[in-house]
Amino acid sequence: MAILASSYNLAFHHEVDDAVTQVPEVADDVFPLPLCGVDDVAEGAAIGVEMELFGEHHAFIVTCADGRFHAYRNLCPHAGRRLDWAPGRFLLKDRVLVCAVHGASFRVESGLCIGGPCQGDHLLRVGVEVEGDAVMLTSL
């Protein structure tokens, strides 16, 4: 799942069907914004979402555990690198997300690093909530 957006002209790109959908223009209050569909993130899985917002590029990780969605910046607190081993592809097993660069391990429910070079640190959480069939970004 990749999302391309600008602050007032948002477009979504879904890698599965390669469809592009235009979203209506957004006023000053841009949140909430759709990150992905609830069906895009299987239980126990993680996806990557890319977004241009306010002139800046943002990369997110969206996970689902026990039917609850969690989202974080795709940025390891250890060395500031992305966690995915390929764009949007993550090492994830038993609710533990592993940084592909240096092996830091994070709980998907809290973002807490439980092993590796940044143990005790957290991934940067972003606010999300479910509205209908969409996972919405509510804060950066």
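What follows draws every value from the coordinates through simple rules; no lab data is involved. Values in this document were obtained by computation on a predicted structure and should not be read as measured data. Every residue, glycine as well, gets a Cβ built from its backbone with ideal geometry; the counts of neighbours run over all protein chains shown.
Computed values, structure above
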{"item": "Karplus-derived 3J(HN,Hα), 6.51/-1.76/1.60, for each residue of segment 127-140, Hz, glycine and proline x", "result": "x, 9, 8, 8, 10, x, 9, 10, 8, 9, 7, 10, 6, 9"}
{"item": "³J(HN,Hα) computed for each position of segment 111-120 - Karplus, 6.51 cos²θ - 1.76 cosθ + 1.60, integer Hz, glycine/proline x", "result": "x, 6, 7, 9, x, x, x, 10, 3, x"}
{"item": "Net lengthening on full extension, Ala86/Ala100 (0.36 nm per residue, minus Cα-Cα)", "result": "4.1 nm"}
{"item": "For segment 33-78, diffusion coefficient by Stokes-Einstein and Kirkwood Rh (Cα), 20 °C, 1.002 mPa s, µm²/s", "result": "189"}
{"item": "Ranking of Met136, Met51 by count of other Cβ atoms within 10 Å, fewest first", "result": "Met136, Met51"}
{"item": "Point-charge dipole on Cβ atoms (K/R +1, D/E -1) for segment 34-100, about Cα centre, debye to 20", "result": "300"}
{"item": "Taking segment 45-93 and dividing mean pair separation by its residue count, relative contact order in percent (alpha carbons under 8 Å, at least six apart)", "result": "33"}
{"item": "Order of Thr138, Thr63 under a 10 Å beta carbon neighbour criterion, fewest first", "result": "Thr138, Thr63"}
{"item": "Under 5 Å, built H, 5+ apart or other chain: amide partners of Leu53", "result": "His58"}
{"item": "Under 5 Å, built H, 5+ apart or other chain: amide partners of Gly37", "result": "Val135"}
{"item": "Quotient of C-alpha Rg and 2.2 N^0.38 Å, computed over segment 49-140", "result": "1.04"}
{"item": "Sequence-distant residues sharing a close amide H with Leu123 (under 5 Å, placed H)", "result": "Leu112, Cys113"}
